[in-house]
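A short worksheet on the structure shown next.
The values are calculated or read from the model by the stated rules, or taken from the named source; none is laboratory data. All figures in this text were calculated on a predicted structure; none of them were measured in a lab. Neighbour counts run over all protein chains shown; Cβ positions are idealised from the backbone, glycine included.
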Amino acid sequence: MPTRTTADTIDRFNRVFIDHDAEALTDLIGANCVMEAIQPTPDGARYEGRDACLTFWQALAADRTTQFEPEEVTVSGERATIRWRYRFGDSPSDSVRGVTLVRVSDGLIVEALGYGKTGGVPLAAEAVSVERAHVRVRTTREVLDLYNDAFRLHEPGLLNDLIADDCVIEDSGPAPDGLRREGGRACLARWSELAGNRALRFTPETAEIHGDLAVQPWHLQWGDGEQDRVRGVNLIRIRGGRITEARGYVKA
């Protein structure tokens, strides 16, 4: 199979941020990638290695409060220049313009150096991303553990920062499809209600992690009788440190 051209790689890279498709980044970043963010001064935060670059860009791509607009793309050999604007609000002043100098090798991004306009307008879009990257985006396992603790300890407040704005839940019932809830608010309301119910005793069993997918078996009890319990499993998709999808199934 022929290696992707530089133009094709850059086009796919831009589409990641236009479409907020953070998962698509996994096929675009080289093992020894180096990235320099546009801030802080004087050099910009530097990230070395595929994992560090991937974490930074996935956090930025997953943020649906921002809008990425490529203004001009120039490709020459393995080099590309992307002029862009990031919008992070409705006001004309709620945006920042910049340029990223990219180098591509064998169809993968191996270097990306970012620069932005300064003077009066805070670099809010990337400030959010830089902050997340420095704090470190939670791993799938860490998010899953906090999610389980919310139900196990009856602390719904643990859920507040775990749910993506576009999260989707499919409950284990009713048949045939399970009740579907869409959006972060709806999912948070549903889970908060369950987590706060002290009549329920939730016990997570041994989970398996497959990339961004957590397979979490569990046991739920609401009384002392043999019939007052059920076992089930949740398939939970976690991207950018937040839950984007959860599908529940039970023994029936």
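Of all residues assigned to region 158-168, none qualifies as being part of a strand (DSSP E or B), at pLDDT 90 or above and over 30 Å from Ala61 (Cα atoms).
Here Val75 passes the criteria (1) at pLDDT 90 or above; (2) touching a strand residue (DSSP E or B) at 6+ places or on another chain (Cβ under 6 Å) except the one numbered (2).
Counting only strands (runs of 3 or more DSSP E) that sit wholly inside region 178-252, those with at least 2 residues that are touching a His at 6+ places or on another chain (Cβ under 7 Å) and either outside the structural domain of His20 (by TED's automatic domain parsing) or touching a residue at least 12 places away in the same chain (Cβ under 8 Å) (or both) are 229-239. Kindly check whether there is at least one residue in region 189-203 that is under 27 Å from Asp21 (Cβ atoms) and of a type in the set (Lys, Arg). Checked region 189-203: at least one residue is under 27 Å from Asp21 (Cβ atoms) and of a type in the set (Lys, Arg).
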